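Participant: Take this structure, written in structure tokens, and hold onto it; I'll ask about it next.
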Amino acid sequence: MARRHDPERRRRIIDAAIRVVGRSGIAGLSHRSVAAEADVPLGSTTYHFKTLDELMVAALRQANEGFAAVLAARGGPEDPRTDLAAELAALMGAWLAGDRTGVELEYELYLAALRRPALRPVAAEWCDAVVEQLSGRTDPVTARALVALMDGILLQALLTGTPYDEAYARDVLGRVIPAG
């Protein structure tokens, strides 16, 4: 019997892994659970991803695209005419206004890097990409501080379940950004 060519299978497996983590957390992720979610044979998941770490790396990379898409769609952080603190606060609000499950998933995968060294470079890629974009408006040290502050604000909103307070975010981000 000839093998059926399925060019989208790898992407479907990654999407399934993201859904499994979104529903059951990292602890619920296994090749078997992902294969069942993607409706593919178990061998397909292990063919494309030899280890769960490889699968989580792919899932985190794809999840990182969500924030990057919101950032790219807004385009404001690069524009020197915009209020950077207000733009970043609005950006976080737009990201949280969507499907919070997706944001929670991104942070769950991001924080999994604490225990899974294979994920650390991908988590660092996200931070570095945002720092690079912000460095066009401020110095690299301030850009890193802004990324850390945004992470903290977002995590607090997610962990406490409180509504996102854009005015608060704008105020504290503005305190980090040098005047002028």
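The values are calculated or read from the model by the stated rules, or taken from the named source; none is laboratory data. All values derive from a computational prediction rather than experimental measurement. Side chains included, ligands, DNA and RNA excluded: accessible areas come from the protein's heavy atoms. Shrake-Rupley method; radii C 1.70, N 1.55, O 1.52, S 1.80 Å.
Participant: Residues of the stretch 60-180: accessible area per residue at 1.4 Å, in Å²? Before the final figure, lay out each step's value.
Facilitator: On the way: 6150 Å² over 121 residues.
Heavy-atom accessible area per residue stands at 51 Å².
Participant: Summarise the accessible area of the chain (1.4 Å probe, protein heavy atoms) by the percent that is carbon and sulfur.
Facilitator: Details: 5340 of 9680 Å².
Ligands and nucleic acids excluded, carbon and sulfur reach 55 percent.
Participant: Express the relative contact order of the stretch 45-115 as a whole percentage, based on alpha carbon pairs under 8 Å and six or more residues apart in sequence.
Facilitator: Working: 24 pairs, mean separation 26.0, N = 71.
Result for the stretch 45-115 is 37 percent.
Participant: Given the options 170, 115, 19, state which has the largest fluctuation in a GNM of the chain using a 10 Å cut-off (strictly under) for Cα springs.
Facilitator: For the chain, modelled as a Gaussian network with Cα springs under 10 Å, the answer is 115.
Participant: Taking 8 Å as the Cα distance limit and 6 or more residues as the minimum spacing, I'd like the relative contact order of the stretch 75-180 as a percentage. Each step should come with its number before you reach the end.
Facilitator: Details: 72 pairs, mean separation 41.2, N = 106.
About 39 percent, as a whole number.
Participant: A further question follows. Can you grab the distance from the C-alpha centre of the stretch 18-54 to the C-alpha centre of the stretch 108-180, Å, no decimals?
Facilitator: Distance between centres, Cα-based: 29 Å.
Participant: Something else now. Any idea what the relative contact order of the chain is, in percent, if you count C-alpha pairs under 8 Å spaced at least 6 apart? Could the numbers behind the result be given before it?
Facilitator: Numbers: 157 pairs, mean separation 39.3, N = 180.
Contact order relative to length: 22 percent.
Participant: Continuing with the same structure: Enter the angle in degrees (range 0 to 90, nearest 10) between the Cα long axis of helix 52-74 and the first principal axis of the Cα atoms of the chain, meaning the one along which they spread out most.
Facilitator: 40
Participant: Now for a separate question. Given the -39500 (n - 2.57) contribution per DSSP H run of 4+ residues, what per-residue ellipticity at 222 nm results for the chain, rounded to the nearest 500 deg cm²/dmol?
Facilitator: Values: 9 runs with 128 residues, N = 180.
Helix contribution divided over all residues of the chain: -23000 deg cm²/dmol.
Participant: With a ≥ b ≥ c the root eigenvalues of the C-alpha gyration tensor of the chain, is it rounded (a/c under 1.5), prolate (a/b larger than b/c) or oblate?
Facilitator: Values: a/c = 2.47, a/b = 2.17, b/c = 1.14.
Here the chain falls in the prolate category.
Participant: Just subtract the alpha-carbon distance of residue 94 and residue 6 from 0.36 nm times their residue separation and send over the number in nm, one decimal.
Facilitator: Numbers: separation 88, 0.36 × 88 = 31.68 nm, distance 3.48 nm.
That works out to 28.2 nm of additional length.
Participant: Does the stretch 27-134 come out rounded, prolate or oblate, given a ≥ b ≥ c as the square roots of the eigenvalues of its C-alpha gyration tensor, rounded meaning a/c under 1.5 and, failing that, prolate meaning a/b above b/c? Let's see the in-between values first.
Facilitator: Numbers: a/c = 2.84, a/b = 2.20, b/c = 1.29.
In terms of gyration-tensor shape, prolate.
Participant: Answer rounded, prolate or oblate for the stretch 90-180, using the Cα gyration tensor with square roots of eigenvalues a ≥ b ≥ c: rounded when a/c is under 1.5, else prolate when a/b is larger than b/c, else oblate. Could you put the intermediate results ahead of the total?
Facilitator: Values: a/c = 2.15, a/b = 1.14, b/c = 1.88.
Judged from the Cα gyration tensor, the stretch 90-180 comes out oblate (a/c at least 1.5, b/c at or above a/b).
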